[in-house]
Amino acid sequence: MEKEIIVSAQHLSIGYRYKGVSTPIHENLDFTLKCGELTSLLGPNGAGKSTLMRTISHLQPLLSGSITLSGKELSSYNEKELSRTIGIILTDKTQTGGLTVNELVALGRQPHTGFFGRLSKQDKERIESSIQAVGLSSKKGSYMAELSDGERQKAMIAKTLVQECPLILLDEPTAFLDAASRIEITQLLHEIAKEENRAILLSTHDIEQALVLSDQIWLLTQQGLTCGTPEDLVLNLQMDKLFEGKNVQFDKQRGSFSPSINFQKEIFVTASEDSLLHWGVNAINRLGFGQASTPQGHIQIHLMDKNQILYKGEKGEETTLSSFEEMTNFITQKEK
Amino acid sequence: MTDRNMKEHRNRYYAIGMGAVLLLLFACNLFFGSLSIPCQETFHILMGDETAKESWRFIILESRLPQALTALLSGAALSVSGLLLQTTFNNPLAGPSILGINTGASLGVALVMLLMGGSIGVGSLTFSGFLAVLIGAILGALCVMVIILLFSSIVKGTLTLLIIGIMVGYIASSAISLLNFFATTEGVYSYMIWGLGSFSGVSLSQMPYFSGSILIGLIASLLLIKPLNALLLGERYAQNLGIHIKRSRNLLLATVGLLSASTTAFCGPISFIGLAVPHIARLLLGTSNHNTLLPFTILTGASVALLCNLACSLPGENGIIPLNAVTPIIGAPIIIYVLVHQHKIQYFN
């Protein structure tokens, strides 16, 4: 089944307009967002991620081109319609510490309630089920102030869910979270996109997570926007565009960026299994050695086991080492 | 579910409790004053006994009753102004006196008084005089609020905005001092008296107008509960929830203007009630949800003002303590408490 396109942009130009003078940050952007997909927007600081997000959420006017939302021009939406179509999560400071999780999530119902904001039975059920969906049922009576950062973010996600918007935009939702919460939140968003058939666009600096859980990746750089599935972008070497000119390189094996160093010397490494090899190379890279492709004329390291490391010098001398710490100390010593 | 029910029960309990305190304090304000009148006599007079001593009747019906009503309404008005400002500016330390709004209203009053013939004092005003003073006060308050609003879009820090508010307040009070320089001696004297603050400025015949404008403001604030709750999330979130930000903020500030200007025009620039009462209400109720917080703030504000008014008449026949000498004694410790414990107080985090 073809996924429904909810947002599409043609020849979009974004940026700022001040006293009639437009200062575009990006021109000629074309993209689509589909229901049921999690899209991650990656880009270096200052590439215009927030400007793009704000433009799509209509918090900032576009300069030229068009954005179509659910088949209708974005600019033709009024505030009420927008509040039922786009739900946003920002990094803004809120004053919600004195609200319970329940009360906070109920705020998301405002686009659907009347003048006094009274909640119907259906509204309350929707709130209940959204809190359950983000896994905060046991905390629904707790104050927001009593939650961890990750739980707060989940409550905000629940707030966006009760808004019942087909499109959810999140500006760096994992910025202040620890590693475990980051994975949890991204995983949660991935599930929500799929199970509730929503289109979710999030901006993030967490490249590894984005590559694992996103259906689509948007790379926004000074040169423009590149869209695609994570695997295509990685294997077509598109990821290197992200930090062009910086002293980092993308390791397509590991799916992450690492410092790019031109190694003067090389060591030949073999290992009994992949994770040993990975960490063995990691250790020699840190010591300033590259990985040699042949054993000839190089120091050799054979990783039989994490506690059994065979070191073979250039002249053939052999030493057995019992940990990576011993190994790194030994190589450092030798180099002196 | 039980958790929420328990909270609702507790809230109802607190609301009933505060209502009882309010009634008790209102009665105390009628029964006790600088002149001691036997309780039995007071009761008879209140019941409409025509045979009581004429001077006592006058004191109770023409002085204590309007004063208690004024305190009740002003306390509610100032507290609600404070709450609205704290939510609108996303700043728990905002308040009508700290942001210079009361001073702006004072400047408006001073200008009107000077234009109307020199002396500043609102004791004996006709309806048109009342209206002129009220409009002057509202315009003065709105001017200050517009200035603060302009600055709030430029400066980001909450503390910076408060300091700008204090500075604007200073400028307004300089302007008042300059006006006083050109005013008559009696004018300056009555302005000084007015500046000390008192709930005795509204006579029984002015009461319908005074209470009318306050009640309009209070009702308006109750109608703004939905946008107020959305604003707890900040402006951009509120906008995303379908709130018309500009319109809501203008309505909120107009309401604050009406409430704080009406009280300032007649009772003088009263400090601390607007700043401290929303904190008392939040601490007691344990919520920032305006559905319950706003009505509770009205009750608490009215009670606190009645308590202050009672404290003013403590010296008995030796005179009356100025209101602005009492309100800081109640208000300042609460603000200090809140600041010291801000890491433990939910609504601060």
request  = Give, as residue ranges, the helices (runs of 4 or more DSSP H) completely inside segment B:150-264 that count at least 2 residues that are small (Gly, Ala, Ser) and at pLDDT 85 or above.
outcome  = B:158-182, B:207-223
inquiry  = Tell me whether segment B:151-160 contains one or more residues that are more than 24 Å from the chain's Cα centre (by Cα), within 14 Å of chain A (Cβ to nearest Cβ) and surrounded by fewer than 19 Cβ atoms within 10 Å (Cβ to Cβ).
reply    = yes
ask   = When you scan segment B:214-251, how many residues do you find that are polar (S, T, N, Q) and open to solvent by less than 20 Å² (accessible area, probe 1.4 Å)?
value = 4
task = Those residues that are surrounded by fewer than 24 Cβ atoms within 10 Å (Cβ to Cβ) and farther than 18 Å from B:TYR347 by Cα, I need them from segment B:259-282; list them, please.
result = B:SER271
ask   = Applying the selection to segment A:250-282, what residues are under 24 Å from the mean Cα position of the chain (by Cα) and part of a strand (DSSP E or B)?
value = A:PHE250, A:ASP251, A:SER256, A:PHE257, A:SER258, A:PRO259
message = Could you check segment B:315-338 and list, in sequence order, the residues that are exposed (fewer than 13 other Cβ atoms within 10 Å of the Cβ) and not β-branched (Val, Ile, Thr)?
response = B:PRO315, B:GLY316, B:GLU317, B:ASN318, B:GLY319, B:PRO333
query = A:THR85 is checked against (1) within 25 Å of the chain's Cα centre (by Cα); (2) closer than 30 Å to A:VAL234 by Cβ and fails just one. What number does that condition carry?
reply = (2)
query = For segment B:17-51, which residues satisfy the criterion of being open to solvent by 30 Å² or more (accessible area, probe 1.4 Å), without any contact (Cβ under 8 Å) to a residue 24 or more places away in the chain and part of a loop (DSSP other than H, G, I, E, B)?
reply = B:PRO38, B:MET47, B:GLY48, B:ASP49, B:GLU50, B:THR51
query = Hey, among the residues in segment A:91-105 that are at pLDDT below 90 and either open to solvent by 40 Å² or more (accessible area, probe 1.4 Å) or touching a strand residue (DSSP E or B) at 6+ places or on another chain (Cβ under 7 Å) (or both), which one's nearest to the other protein chains (Cβ to nearest Cβ)?
reply = A:ASP92
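Let's see how each residue does on (1) under 16 Å from B:LEU142 (Cβ atoms); (2) open to solvent by 10 Å² or more (accessible area, probe 1.4 Å); (3) in contact with a Lys or Arg (Cβ under 6 Å, 6 or more places away or on another chain):
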site	(1), (2), (3)
B:ILE59	no, yes, no
B:THR70	no, no, no
B:LEU85	yes, no, no
B:LEU99	yes, no, no
B:GLY104	yes, no, no
B:LEU115	no, yes, no
message = Given the options B:TYR337, B:TYR347, name the one that is within 14 Å of another protein chain (Cβ to nearest Cβ) and over 16 Å from B:MET18 (Cα atoms).
response = B:TYR347
key: Options B:PHE272, B:PHE182, B:PHE266; residue that is more than 14 Å from chain A (Cβ to nearest Cβ), more than 24 Å from A:GLN110 (Cβ to Cβ) and over 13 Å from the mean Cα position of the chain (by Cα)   = B:PHE182
inquiry  = Can you list residue pairs whose Cβ atoms sit under 7 Å apart, with the first residue in segment A:297-315 being assigned to a loop (DSSP other than H, G, I, E, B) and the second being aliphatic (A, V, I, L, M)? Count only pairs 6 or more apart in sequence or on different chains.
reply    = A:HIS298/A:ILE267; A:HIS298/A:ALA292; A:LYS306/A:LEU276; A:GLY313/A:ILE299; A:GLU314/A:ILE299
ask   = more than 14 Å from every other protein chain (Cβ to nearest Cβ) and modelled with pLDDT under 90 - does that describe any residue in segment B:293-314?
value = yes
message = Within segment B:117-139, does at least one residue satisfy the condition of being at pLDDT 85 or above, open to solvent by 50 Å² or more (accessible area, probe 1.4 Å) and closer than 24 Å to B:PHE210 by Cβ?
response = yes
remark   = If we keep only residues of segment B:18-37 that are more than 16 Å from B:ASN309 (Cα to Cα) and in contact with a helix residue (DSSP H, G or I) (Cβ under 9 Å, 6 or more places away or on another chain), then the residue modelled with the lowest pLDDT is B:ILE37
Test for B:ILE320: is it away from chain A (no Cβ under 14 Å), part of a loop (DSSP other than H, G, I, E, B) and out of contact with any His (no Cβ under 7 Å at 6 or more places or on another chain) = yes
request  = Consider only pairs whose beta carbons are under 8 Å apart and that are at least six residues apart or on different chains; among these, list those whose first residue lies in segment A:77-89 and is facing another protein chain (nearest Cβ under 7 Å) and in a helix (DSSP H, G or I) and whose second residue is open to solvent by less than 70 Å² (accessible area, probe 1.4 Å) and among the aliphatic types (A, V, I, L, M).
outcome  = A:GLU79/B:ILE243; A:SER83/B:LEU241
inquiry  = Looking only at segment A:59-76, filter to residues that are in a loop (DSSP other than H, G, I, E, B) and more than 7 Å from chain B (Cβ to nearest Cβ); which one of those is surrounded by the fewest Cβ atoms within 10 Å (Cβ to Cβ)?
reply    = A:GLY71
ask   = Out of A:ILE56, A:ILE25, which single residue is open to solvent by 60 Å² or more (accessible area, probe 1.4 Å), touching a residue at least 24 places away in the same chain (Cβ under 8 Å) and assigned by TED's automatic domain parsing to the domain that holds A:GLU208?
value = A:ILE25
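I'd like to check which strands (runs of 3 or more DSSP E) are fully inside segment A:155-243 and have at least 2 residues that are under 27 Å from A:LEU69 (Cβ atoms), open to solvent by less than 30 Å² (accessible area, probe 1.4 Å) and within 14 Å of chain B (Cβ to nearest Cβ).
A:167-171
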ask   = Could you say which residue among B:ALA230, B:ALA238 is more than 8 Å from every other protein chain (Cβ to nearest Cβ) and either among the polar types (S, T, N, Q) or free of Cβ contacts under 8 Å to residues at least 40 places away in the same chain (or both)?
value = B:ALA238
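The values are calculated or read from the model by the stated rules, or taken from the named source; none is laboratory data. Small disclaimer: the values here were computed from a predicted structure and weren't measured. So basically every Cβ, Gly included, is an ideal-geometry build from the backbone, and we count neighbours across all protein chains shown. For the accessible areas, the whole protein counts, side chains as well, though only heavy atoms, and no ligand, DNA or RNA atoms are used. Shrake-Rupley method; radii C 1.70, N 1.55, O 1.52, S 1.80 Å.
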